[in-house]
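The values are calculated or read from the model by the stated rules, or taken from the named source; none is laboratory data. In this text the structure is predicted, and so the values were computed from the model without any measurement. Here the Cβ positions follow ideal geometry from the backbone for every residue, glycine too, while neighbour counts run over all protein chains shown.
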């Protein structure tokens, strides 16, 4: 080719049955013409191939390229279509590369067409384009009892939402209406480099509120629940309600804490989640409005890195005094601790994750790079940007972008 030749930009799209060697044969034809590949993408759904190749070629040589590709497609038993790309359109496309990218993750027991339709309609209404759709969970068998208990897909978007606040609000409404979980995140380098995750404990890592367990042993279960209800209604703040509830535990033998700890009902998916997070290098913290004794039990059980919670005062008779030691770990304190641990670990705040269920978790959920409300109260679900209600704790792994194939490799590999 001579440098004076005018160049054309062509898009060739191949469709047909996938088998080994198809891509190699097509790119070998392109290689014979010494042209430049500008972009290439391929997907395979149930052995059906779609391969797109965008390339630049001399206008004098484009006819021969198209002819050879047609012959190649015929030999391979696939179809091919061509499209000429306007240079100005291509330049605009290149200029937008890497800008304003977002990820929507859908998570549910099953993904239905109406779920995808509702989300993609919102995407279209916001003037955004879909770059790709990827399945994060394994392929679904026809036999129901062989099916994986969850399904997740990830939709990659490009563009700027017309109204991001409204879009977030609409996504929360859609997720509620269709009984699914949806995450909407900016697709930045920080999303793929999360390094610190902070969990609430009660009703997040475990299926109970430890203070309720202690109150039952002390014979004041109903009173403690009534105070909790007042706090939920906003009649008293967390610190005041905490002080009142701890006071009712006065006289309880401290030895019952060990029995409660070893019988804690662990949240579904907890063991898988902790194993995976440790294997990929996360630092893991418990930031709890509950009690340090139980946080330390979980810390030892799962080899966690940090525990910050509340310390119950124990008298010389080994009974609870009805008082606590130190500063109460409330919502404000949780957010402060998240930032402090991030500084200690030299982690950018955008690389942090927070998971919790209560109103006192909202400050840390909003502070973290990714805040996830987990099986949360309605007020928390409405305020949090991401929420999980349909699966166990390991649902957060899909919001982090992991695929089942990767998770299985980490979970069952013996490599240390």
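From the list 225, 243, 319, exactly one residue is surrounded by 15 or more Cβ atoms within 10 Å (Cβ to Cβ), more than 25 Å from residue 338 (Cα to Cα) and not assigned by TED's automatic domain parsing to the domain that holds residue 374. Which is it?
Sole residue among the options that is surrounded by 15 or more Cβ atoms within 10 Å (Cβ to Cβ), more than 25 Å from residue 338 (Cα to Cα) and not assigned by TED's automatic domain parsing to the domain that holds residue 374: 225.
Quick one: residue 188 ticks every box in (1) modelled with pLDDT under 90; (2) over 25 Å from residue 106 (Cβ atoms); (3) not in a helix (DSSP H, G or I) bar one, so which box is it?
It fails just one condition, (2).
Looking at the stretch 201-275, what helices (runs of 4 or more DSSP H) fall wholly within it and have at least 2 residues that are in contact with a strand residue (DSSP E or B) (Cβ under 6 Å, 6 or more places away or on another chain)?
Because the criterion is at least 2 residues that are in contact with a strand residue (DSSP E or B) (Cβ under 6 Å, 6 or more places away or on another chain), the helices (runs of 4 or more DSSP H) in the stretch 201-275 that meet it are 238-247.
Considering (1) free of Cβ contacts under 8 Å to residues at least 60 places away in the same chain; (2) out of contact with any helix residue (DSSP H, G or I) (no Cβ under 8 Å at 6 or more places or on another chain); (3) crowded, with 19+ Cβ neighbours inside 10 Å, say which one residue 295 fails and leave the rest.
So the condition that residue 295 fails would be (1).
Looking only at residues in the stretch 336-374 that are out of contact with any helix residue (DSSP H, G or I) (no Cβ under 9 Å at 6 or more places or on another chain) and touching a residue at least 60 places away in the same chain (Cβ under 8 Å), which one is farthest from residue 197 (Cα to Cα)?
It comes out as 345.
With (1) free of Cβ contacts under 8 Å to residues at least 12 places away in the same chain; (2) assigned to a helix (DSSP H, G or I) as the list, and residue 394 as the residue in question, which single condition is left unmet?
(1)
Go through the residues of the stretch 290-305 one by one and say whether even a single one is outside any helix (DSSP H, G or I), modelled with pLDDT under 95 and farther than 24 Å from residue 191 by Cα. Working first, answer last.
Initially, the stretch 290-305 is screened for residues outside any helix (DSSP H, G or I), giving 290-291, 303-305.
Adding the requirement that they be modelled with pLDDT under 95 leaves 290.
Checking the rest, the ones that are also farther than 24 Å from residue 191 by Cα come to 290.
Scanning the stretch 290-305 turns up at least one residue that is outside any helix (DSSP H, G or I), modelled with pLDDT under 95 and farther than 24 Å from residue 191 by Cα.
From the list 335, 309, 376, which one is part of a strand (DSSP E or B) and either surrounded by 14 or more Cβ atoms within 10 Å (Cβ to Cβ) or touching a strand residue (DSSP E or B) at 6+ places or on another chain (Cβ under 6 Å) (or both)?
Working: 335 fails: part of a strand (DSSP E or B); 376 fails: part of a strand (DSSP E or B).
Sole residue among the options that is part of a strand (DSSP E or B) and either surrounded by 14 or more Cβ atoms within 10 Å (Cβ to Cβ) or touching a strand residue (DSSP E or B) at 6+ places or on another chain (Cβ under 6 Å) (or both): 309.
Are any residues in the stretch 135-157 over 14 Å from the mean Cα position of the chain (by Cα) and at pLDDT 90 or above, and if so, which ones?
157
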